[in-house]
1. So what is the relative contact order for the chain, in percent, with contacts set as C-alpha pairs under 8 Å and at least six apart?
2. Amide H of Gly18 versus every other amide H placed in the peptide plane: which residues, excluding those fewer than 5 positions away on the same chain, fall under 5 Å?
3. Please label the shape of the chain as rounded, prolate or oblate, based on the square roots a ≥ b ≥ c of the eigenvalues of the alpha-carbon gyration tensor (a/c under 1.5 means rounded; beyond that, a/b larger than b/c means prolate, else oblate).
4. Given the options Asp92, Asp166, Asp297, which has the most mean-square fluctuation in a GNM of the chain, springs set between C-alpha atoms less than 10 angstrom apart?
5. With a ≥ b ≥ c taken as the square roots of the eigenvalues of the C-alpha gyration tensor of the range 62-138, please select rounded if a/c is under 1.5 and otherwise prolate if a/b is larger than b/c or oblate if it is not?
6. Taking trypsin sites (Lys or Arg not before Pro) as candidate sites, keep only those in a DSSP loop with at most 13 other Cβ atoms within 10 Å, then name the longest stretch of the chain containing none of them.
7. With charges set only on the Cβ (+1 for Lys and Arg, -1 for Asp and Glu), what does the dipole of the range 216-312 come to about its Cα centre, in debye to the nearest 20?
8. Convert each backbone phi in the range 167-183 into a coupling constant with the Karplus relation 6.51 cos²θ - 1.76 cosθ + 1.60 (shift: θ = phi - 60°), then list the ³J(HN,Hα) values in order as whole Hz, x for Gly and Pro.
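Read-outs throughout are calculated quantities, based only on the coordinates presented, and are distinct from any laboratory measurement. None of the values given here were measured: they were computed from a predicted structure. With ideal geometry, Cβ positions are generated from the backbone for all residues, glycine too; neighbour counts draw on all protein chains shown.
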Amino acid sequence: MAALLTATPAIAEVTVIGSTTTTMRETSFSLNFPANTADKLVVVVTGEHGFNNAAGALTSLTYDGVELTEAVYRNAQVAGSDILYHGIWYLDNPATSEGLINFEVVNRGTVSAFLLTGTAEGHGASGITEVGERSISLTTTQTGSLVLAAFGVGGDGNTGNTDSIDTDAPLVEVSAVKDPSNWQGHVVGVQAVAAPSANTFSFAGGTETGAVVAAAEFLSAGGTAGLPFSITEIFINGVSNEVTLTWPKTGAASYIVKVSTDLEDWSVDLDDGITPDLDEMPEDDLTITVTLPLPEDLEGSPKLFFRVEEGS
């Protein structure tokens, strides 16, 4: 075979189409941010730790009267310690009348709001660190999803200055906001998911003293079960006329491997019942590897294209 390519048809991307930031100088606060052009509204809130006041908390978050869903949240009151309250919330298919995000909080805070398109309802993986961290590990679940990670700072004195904080690549900064008195703030970055895997999302600069990192994966509407995803490794054995393929595990009960000579006709299945127990490298928790015979009539083809689908 002179050449070998993998077929990776496009999966709809999750895209940030709008954003805004603000500081909350009152404990009851409204932000005008119409979200009718998006299929998901995402809000990051970070609040001051309290000093001699009660520990901070977010007590209510709504958009035009509809409550947002918590993806992940660190509640300083529940934690029982003098730290930030920090988290990520979202609303699917936000219907707009006034376009107002309404906050009720204990102790003031900072806000970043984002409009996303191309999302499925709900969210994927999520997590939040203990106090004093500047990175978070998260195992993503879907090709084509988008991870949003937020570094909340200001948990010890006036350490909420975000001016010197950067996202570590490949995380891309999309927001940075701080309280005018440096009481608290956050920096937010996003990263598209090429394939489900364990990842670390981290930030540089500033101080991790009293800081917390939150992250949430927002799934793609085009990345649901049944669509093809990326093959990471291919090896052709010309002697035995076999192909060995490796791709990310998605948790599916079975997989289907297809082959084509022109990227148009995908009617040939190499195997339509590959189960996880057939994995030739079970020690790898993130990928599955199998070896399959190629049809005799494809032997000598100048190009072959492969794709993997999740079984039903």
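1. With pairs under 8 Å counted, the relative contact order is 21 percent.
2. For Gly18, whose amide H was placed from the backbone, the distant partners under 5 Å are Leu115.
3. Prolate shape, in that a/c is at least 1.5 and a/b is the bigger ratio.
4. Ranking Asp92, Asp166, Asp297 by mean-square fluctuation puts Asp297 first.
5. oblate
6. Here the longest segment lacking exposed loop sites spans 26-302.
7. 280
8. Taking θ as phi minus 60°, the curve returns 7, 7, 4, x, 5, 10, 5, 10, 6, 8, 8, 9, 5, x, 9, 6, 6 Hz for the range 167-183.
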